[in-house]
Every structure is written in C-alpha cells, then in structure tokens.
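The values are calculated or read from the model by the stated rules, or taken from the named source; none is laboratory data. Model, not experiment: these values are computed from the prediction. We place every Cβ from the backbone using ideal geometry, glycine too, and count neighbours over all the protein chains shown. Areas reflect the complete protein model, heavy atoms only, side chains present, ligands, DNA and RNA absent. Shrake-Rupley method; radii C 1.70, N 1.55, O 1.52, S 1.80 Å.
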Amino acid sequence: MEIKKNLYYALVAQIIMLVVSCSTNLILPKFVSTESFSYWQLFIFYITYIPCLALGLNDGVYLRYGGKHESELDCKSIKSQYIVGMIYQIILAIIVGGVLISLAEDNKRKIIMVLVIGYYIVYTGHNFLGYIFQAINKTYVYSKSIIIDRTIFFTAQIILIVLGIKNITFFSDFYIVSLSCAWLFLIISIYPYFKNTPINLMLGLSEAIKSMKIGISLMFANVCSLLILGVGRQIIDSHWGLAVFGKVSFSLTLINFALTFILQISMVLFPALRRINGNELRIYYSKLAKGLYIILPLMYILYLPAQYVLKIWLPNYSESIDYLSIILPICFFDSKMNLLGITFFKVLNEQVALLRVNILTIIFSLISGVIAAYVFNSINGVIIGMVSAIVFRSVLSNIILSKKINVRILDIDCLDILLALVFILTNIIFNWWISCSLIVGIYILRISILSRLSLSNI
C-alpha cells in the first residue's frame, strides 16, 4: 500500500515537473535572448555540482537509515546531525562562494555564483530532510515537497513572462524561493519527529562524521557521475564559448524529461529493495532489465516527430535539436544506469565499486573530449565521446552487478548498443519520417526476440 502511495505521488510530481520543464525549456528560450538563456544554463550547470559541499552527509544519512521503519529512527541523532550539518555547510558555502565569486570573469558570472551559493544553502536543508523521508519509505512526503517547489516556480515563471521581465536573474531568484517553500513544508512535516527531541551538538558532530564516512563514497560517485558529461560541457565552454555551451546544454536539458522520471522511480525502489533477500533481488533485477528493454526505446520513436515540431517552434535552436539526435542515447543509457546500476549498487552497499566505475568513465570522457576539441576541433566529436562514455559506464556497471547478483544481461546490452548506433546513423542519413519508420520496425523486431534472450540463473 505504501509503495502504491509513493508511486502515485512520484507520478504526480513527475507530471508537474514535466510541465514545468516544458515551460522552462520550450517557452523560456522563445521569450529571452540566446545569451540570457545561456546564463540560465550556466546557473543550472553550477547548481548541479555545488551539493558536493555537503561532503557526503546527506548521502550517508540516506544509506544508514535506508530501509528502516520510522519506529527505528534515532531522532535525537538525526536532529543533532541536521543542525551541525547546516552550520558547517553554511560556513563552507560562504568561504567557497567568496573564492568562486572573486574568480568569476565578469559581473554576470559573479551574480550567477551568488545565486548558486544561495541555492545551495536552501537545497542542502531540503535535501537532508527529503532523504530522511525517502529512507523510511515515505517518499510521498518528499514528492509533495517537489510538487510545491515546481508549482510555485511555474506560477512565478508565467507571471514574469506575462509581465515581460526578461532579466534571467529574476527567474533564478524564484527558482530559489520555490525550493525554500518546499523546504519549509519538509520542516513542518518533520516537526512531529523532532518536537520533543533535544539537540546534542557533540552527538551531532560525531554522528555527522560517521554519516560522512559512509556517504562520502556515494557523494563522490554522484559527483563523478555528473562530471562524465560535465567535463565535456566545460571543454565546450572553454574552447567554443558560452553561446555554443548554451546550445549543447539545451540539448542535454531536453533529455532530462525522461531522466527525472526514472530518478523518481529509483527513489521509491531503493528503500523497498533494501528489505528483500538475494534471491528476490535477482528476480527484480531481471524484471527491471526486461522492462527497460521494452520501454526505453520508445524515446527514440517519440523524438523523431518531436524534433520536427521543435525546429518549427524554436528555429534559433535548430542546431541544438540536431545535437539531440546524437545525444539522445545518453538519456537511454543514463536512465538504465539510474534505475538498474545506481539503485542496485546502493542496495548492495557497493558505493566504492560505483565510484571506481564513474572515475574510469570520467577519464574516458576527458581524454575523448580533449582529443576531439583540441586535436580535431570537432563539437560532434566531443558529444560522441560523451555518449560513448555513458554507454561504457552502463555496460561496465551491468557486468559488475551481473556477477554479484548472478544474472547475465549481456544480450540486452549488446542489442541496446546496436539500437543506439542505428538511431544515430539513420538520423544522419535519412529524413525524420524514414528514420522513424526504420526505428519502429527495429523496435517490433526487438520485442519479437525478447522471449529468446537468456537471462541466466533466474
């Protein structure tokens, strides 16, 4: 019953996030200049990495309490960790923020950095409490906070557009304000647990250190996961400038529609999977692999007519939409990695293995990006390197997990890579409707051979 409730609210949150993402990524670039929208992309880019200042505290709390029932919570420890964590993170944010602002190249980038630091302080407070509710399988509370956040930001965004305000700083301000309201909701929701609980700063410090030791590997793994694409984007910004960075970032932003939904599902699955035994894990792993084999290729089919419409709607971003035809496999394999790879690495407490996989992938992405940019001067080369890195990470993770869970899904991985290659090549060679027909035909063929795929040891 709890899982159904969690999934229901996760689905509602995802639908609202989808609407807001469509508004932000399809209406906002139509309304503001390409330069302003590039600064918006820069803001989003930076706030993606700034949570690493938490030094693994939130991740550690999530791993320590993941799968526990609410009656098992040590509220005194959690509340004390929360207060200690907020104090040190605010101090750290001010110090790091001061350094980053002083290093910023121009005033606009300085303003962006101030907003990024403001966002981080709000985000880390919201994230800690959200993880507590996720850990005890009450993810619907966290989903409600996301609904509040996105609804307020969407409303503010529409008002700003109607009023004709094109200064992107106002949109960033309300991005922070909306998350602040979501944070307030979580504070009210956690209050019954914290109401009569005393704060012990020494206990909070020792427990926070313990949580950071447990969570630091997962935190670094998550940061490394972001850096796989981040190094490529940074190379593009350094070598070709902000305008090209904005175009490629816009393409990557468009694929986040599917990724956010997958993240919502994995958020619900983690505490539930933590409570089951090894044999059931194998069954779930197999079912998820087969389910993704059927569902994920639909994004290729949906993209082909969508890109035709997008080019009409956003003619200034036609180059970004062309990049999307090469970038889309990132969405496919990242979705697979988030649901299968990262979820099961966390369930098995294999954060160090996940970190190693991500470090190897960053090296792959960095080397390919540097060669493509500085030797061949090719943006497409950098993008293909990013795609190849994401595919490499997904396949390597599945090989490692398959051995640990005793399930083989190499057949599925090979077919997924083949489909990605066909998708990219048909988009380069043919018109969108011919490509669509070919991909639909291949998809039907994939489904027909599903029963012949051998997932051993199930």
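Measuring nothing but protein heavy atoms, the accessible surface of the stretch 78-155 at 1.4 Å probe radius is 73 percent carbon and sulfur. The C-alpha radius of gyration of the stretch 57-131, expressed as a fraction of 2.2 N^0.38 Å, stands at 1.39.
Three semi-axes describe the equivalent ellipsoid of the stretch 364-430; taken as square roots of 5 times the Cα gyration tensor eigenvalues and ordered largest first, they are 27, 17, 5 Å.
Protection proxy ranking for 428-439, 101-112, 140-151, 411-422, using the average of other Cβ atoms within 10 Å per residue and placing the highest first: 140-151, 411-422, 428-439, 101-112. Each residue of the stretch 350-362 was assigned a 3J(HN,Hα) from its phi angle through the Karplus curve 6.51 cos²θ - 1.76 cosθ + 1.60 (θ = phi - 60°); the sequence is 10, 5, 5, 4, 4, 4, 4, 4, 5, 5, 4, 5, 4 Hz, with glycine and proline shown as x.
Max-minus-min Cα coordinates of the stretch 117-208 on each principal axis give 51, 27, 20 Å, with the largest extent listed first.
Ratio of Rg to Rh for the chain, alpha carbon only, Kirkwood? My calculation puts Rg/Rh at 0.95.
Normalised radius of gyration (Cα atoms, divided by 2.2 N^0.38 Å) for the stretch 178-256: 1.72. Each label was represented as a point 7 Å from its Cα along the Cα-to-Cβ direction; for Val309 and Val12 these points are 2.6 nm apart. Counting Cα-Cα pairs of the stretch 321-420 in 5 Å increments starting at 0 gives whole-percent bin shares of 2, 13, 22, 22, 18, 12, 7, 3, 1. With an 8 Å Cα cut-off and a minimum separation of 6 or more residues, compute the relative contact order for the chain in percent. Relative contact order of the chain: 21 percent. Only the Cβ atoms of Lys and Arg (+1) and of Asp and Glu (-1) were treated as charged; on that basis the dipole of the chain about its Cα centre amounts to roughly 920 debye. Calculated accessible area for the chain comes out at 43 Å² per residue, all protein chains present (probe 1.4 Å; ligands, DNA, RNA ignored). When the alpha carbon gyration tensor of the stretch 91-158 is reduced to an equivalent ellipsoid, its three semi-axes come out at 30, 18, 6 angstrom, largest first.
How big is the Cα convex hull of the stretch 1-76 in projection, averaged over all directions, in nm²? If I average the Cα hull's projected area over directions, I get 7.6 nm².
The stretch between Leu26 and Ile449, if pulled fully straight at 0.36 nm per residue, gains 148.5 nm over its current Cα-Cα span. Backbone phi angles across the stretch 91-104, fed through the Karplus curve with coefficients 6.51, -1.76 and 1.60 (θ = phi - 60°), yield HN-Hα couplings of 4, 5, 5, 5, 5, 5, x, x, 5, 5, 5, 5, 8, 4 Hz in residue order; Gly and Pro are listed as x. Compared with the alpha-carbon gap, the fully stretched path from Ser378 to Met86 is longer by 100.8 nm at 0.36 nm per residue. Applied to the stretch 434-441, the Karplus parametrisation 6.51 cos²θ - 1.76 cosθ + 1.60 on θ = phi - 60° returns per-residue 3J(HN,Hα) values of 5, 4, 4, 4, 5, 5, 4, x Hz, with x for Gly and Pro. For the stretch 120-236, relative contact order (Cα pairs under 8 Å, six or more residues apart, normalised by length) works out to 30 percent. Placing unit charges on each Cβ (+1 for Lys and Arg, -1 for Asp and Glu) gives the chain a dipole about its Cα centre, and among Asn107, Ala420, Ile294 the Cα reaching farthest toward its positive end belongs to Ile294. Cross-link pairs exceeding 20 Å between alpha carbons, from the set Lys68/Lys346; Lys30/Lys110; Lys144/Lys166; Lys144/Lys346; Lys68/Lys336; Lys30/Lys311: Lys30/Lys110; Lys144/Lys166; Lys144/Lys346; Lys68/Lys336.
In terms of overall dimensions, the C-alpha atoms belonging to the stretch 281-345 reach 47, 20, 15 Å along their principal axes, ordered largest to smallest.
Straight-line reach from Lys404: taking Cα to Cα under 16 Å and skipping same-chain neighbours fewer than 8 places apart, the aspartates and glutamates in range are Glu280, Glu350. The mean of 1/r over all pairs of different alpha-carbon atoms in the stretch 59-213, once inverted, gives a Kirkwood hydrodynamic radius of 17.1 Å.
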